[in-house]
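Asks: Let me begin by handing over the structure; questions about it come next.
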Amino acid sequence: KNTILFWDEPETNMNPKMIRPIVQAMVALADGVQIFVSTHDYFIQQEFNMIAAYPELNPKKWTFVYFIIQDEATHDVHYEMRNLASDLEHNAIMQEFDAMYDREQGLFMENNVREESGLKFQFPEMIP
């Protein structure tokens with residue numbers, strides 16, 4: 001109680017199946033403990049985001065604050081704060097996840113031939 005926990009990269013050396021239980025444990029621990037988590041992991045971010053976004057997962061109505069320090073070009077320190085990670089305008093974790101998804105879908109479409117009505121259709125290249 002009345003403690004602060006700083007945890008840098010909790011996903012390091014962790015089995016991905018343990019991410020959800022660890023996030024749930026941190027949320028349970030938040031009753032009396034202020035928790036700061038630094039991560040570059042999509043799954044950690046999204047577990048917290050789902051708890052914040054869906055009231056049935058957050059009966060105590062905990063507030064989650066997401067912020068990003070940025071500006072790689074000038075090395076200036078800026079921040080962006082939101083209650084949901086999905087509301088962040090600059091979210092490198094989500095941006096890279098979306099880019100990877102788009103690359104994979106482009107490859108899938110490029111390399112698969114669909115058959116409809118006995119005709120074969122090749123989808124146009126979707127990756128630059």
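Asks: Within the range 43-60, how many residues turn out to be open to solvent by less than 90 Å² (accessible area, probe 1.4 Å) and not in a loop (DSSP other than H, G, I, E, B)?
Replies: 11
Asks: Turning to a different aspect of this structure: Quick one: count up the residues across the range 76-112 that are part of a loop (DSSP other than H, G, I, E, B) and either within 25 Å of residue 65 (Cα to Cα) or within 10 Å of the chain's Cα centre (by Cα) (or both). Even if it seems obvious, please write down each step before you answer.
Replies: First, the residues of the range 76-112 that are part of a loop (DSSP other than H, G, I, E, B): 76-77, 83-84, 88-91, 112.
From the residues that got through so far, the ones that are either within 25 Å of residue 65 (Cα to Cα) or within 10 Å of the chain's Cα centre (by Cα) (or both) too are 76-77, 83-84, 88-91.
Final tally of qualifying residues: 8.
Asks: Would you confirm whether or not the range 14-26 contains a residue that is touching a helix residue (DSSP H, G or I) at 6+ places or on another chain (Cβ under 9 Å) and modelled with pLDDT under 90?
Replies: Taking every residue of the range 14-26 in turn, none turns out to be touching a helix residue (DSSP H, G or I) at 6+ places or on another chain (Cβ under 9 Å) and modelled with pLDDT under 90.
Asks: Exactly one of these conditions fails for residue 13: (1) open to solvent by less than 60 Å² (accessible area, probe 1.4 Å); (2) not in a strand (DSSP E or B). Give me its number.
Replies: (1)
Asks: Given the conditions (1) modelled with pLDDT of 90 or more; (2) under 17 Å from the mean Cα position of the chain (by Cα); (3) open to solvent by 60 Å² or more (accessible area, probe 1.4 Å), report the number of the one that residue 40 does not fulfil.
Replies: Every condition holds for residue 40 apart from (1).
Asks: Follow-up question, since we're still on this one. Residue by residue through the range 77-109, note down the ones that are exposed (fewer than 14 other Cβ atoms within 10 Å of the Cβ) and either of a type in the set (Phe, Trp, Tyr) or closer than 30 Å to residue 61 by Cβ (or both).
Replies: 78, 79, 81, 83, 89, 90, 92, 95, 98, 101, 108
Asks: Can you say whether residue 45 is in contact with a helix residue (DSSP H, G or I) (Cβ under 7 Å, 6 or more places away or on another chain) and within 29 Å of residue 1 (Cα to Cα), as far as the supplied structure shows?
Replies: Values: in contact with a helix residue (DSSP H, G or I) (Cβ under 7 Å, 6 or more places away or on another chain): yes; within 29 Å of residue 1 (Cα to Cα): yes.
For residue 45, the condition - in contact with a helix residue (DSSP H, G or I) (Cβ under 7 Å, 6 or more places away or on another chain) and within 29 Å of residue 1 (Cα to Cα) - is met.
Asks: Could you tell me whether residue 66 is touching a strand residue (DSSP E or B) at 6+ places or on another chain (Cβ under 9 Å), modelled with pLDDT under 80 and open to solvent by 80 Å² or more (accessible area, probe 1.4 Å)? Steps first, answer last, please.
Replies: Details: touching a strand residue (DSSP E or B) at 6+ places or on another chain (Cβ under 9 Å): yes; modelled with pLDDT under 80: yes; open to solvent by 80 Å² or more (accessible area, probe 1.4 Å): no.
Spelling it out, it is not the case that residue 66 is touching a strand residue (DSSP E or B) at 6+ places or on another chain (Cβ under 9 Å), modelled with pLDDT under 80 and open to solvent by 80 Å² or more (accessible area, probe 1.4 Å).
The values are calculated or read from the model by the stated rules, or taken from the named source; none is laboratory data. Just so it is clear, the model here is predicted, and its values are computed rather than measured. Note that we place each Cβ from the backbone using ideal geometry, even for glycine, and neighbour counts take in every protein chain shown. For the accessible areas, the whole protein counts, side chains as well, though only heavy atoms, and no ligand, DNA or RNA atoms are used. Shrake-Rupley method; radii C 1.70, N 1.55, O 1.52, S 1.80 Å.
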